[in-house]
Amino acid sequence: MSISIEQLAAFLGWCTLINVGLLLFSTLILALVKDFAINMHSKIFDLDPEMLPAMYFEYLGRLKLLVIVFNLVPYLALRIIL
């Protein structure tokens with residue numbers, strides 16, 4: 001079974017949409033319940049609560065970068081050549 005360029009572009013489009021949704025959901029959750037998340041994660045993982053906001057920011061930044069590099073850019077490149 002082979003996949004066409006159009007099917008690959010559609011796949012990457014859906015991957016991008018789903019991953020952007022997860023990124024927005026993660027951002028929204030961390031923005032709305034930051035204190036709860038900090039309290040919970042500091043207890044579960046024995047982390048300094050003052051370090052967690054920076055860790056959350058780093059997590060969201062890395063997730064955004066991964067979505068752009070592995071989903072959005074290949075999708076746009078395929079759309080350009082189609």
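Read the figures in this text as sums done on the coordinates, not as results from a lab. Please read all numbers here as calculations on a predicted model, not as lab measurements. Cβ sites come from the backbone with ideal geometry, for glycine too, and all protein chains shown count toward neighbours.
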Original post:
Is it fair to say Leu60 is touching an Asp or Glu at 6+ places or on another chain (Cβ under 9 Å), of a type in the set (A, V, I, L, M) and assigned to a helix (DSSP H, G or I)?
Top reply: no
Original post:
From the residues in the stretch 22-39 that are of a type in the set (Val, Ile, Thr) and in a helix (DSSP H, G or I), which one is farthest from Arg62 (Cα to Cα)?
Top reply: Ile38
**OP:** Being in contact with a helix residue (DSSP H, G or I) (Cβ under 7 Å, 6 or more places away or on another chain), surrounded by 11 or more Cβ atoms within 10 Å (Cβ to Cβ) and of a type in the set (A, V, I, L, M) is the filter here, so list the residues in the stretch 1-29 that pass it.
**Re:** Leu8, Ala9, Leu12, Val20, Leu23
**OP:** Kindly provide the set of residues from the stretch 30-54 that are under 25 Å from Cys15 (Cα atoms) and either loosely packed, with under 13 Cβ neighbours inside 10 Å or small (Gly, Ala, Ser) (or both), ordered by number.
**Re:** Ala31
**OP:** May I ask you to list pairs of residues, at least six apart or on different chains, whose Cβ atoms are under 9 Å apart, with the first in the stretch 28-52 being under 23 Å from Lys64 (Cα atoms) and without any contact (Cβ under 8 Å) to a residue 40 or more places away in the chain and the second being of a type in the set (Lys, Arg) and surrounded by 10 or more Cβ atoms within 10 Å (Cβ to Cβ)?
**Re:** Leu52/Lys34
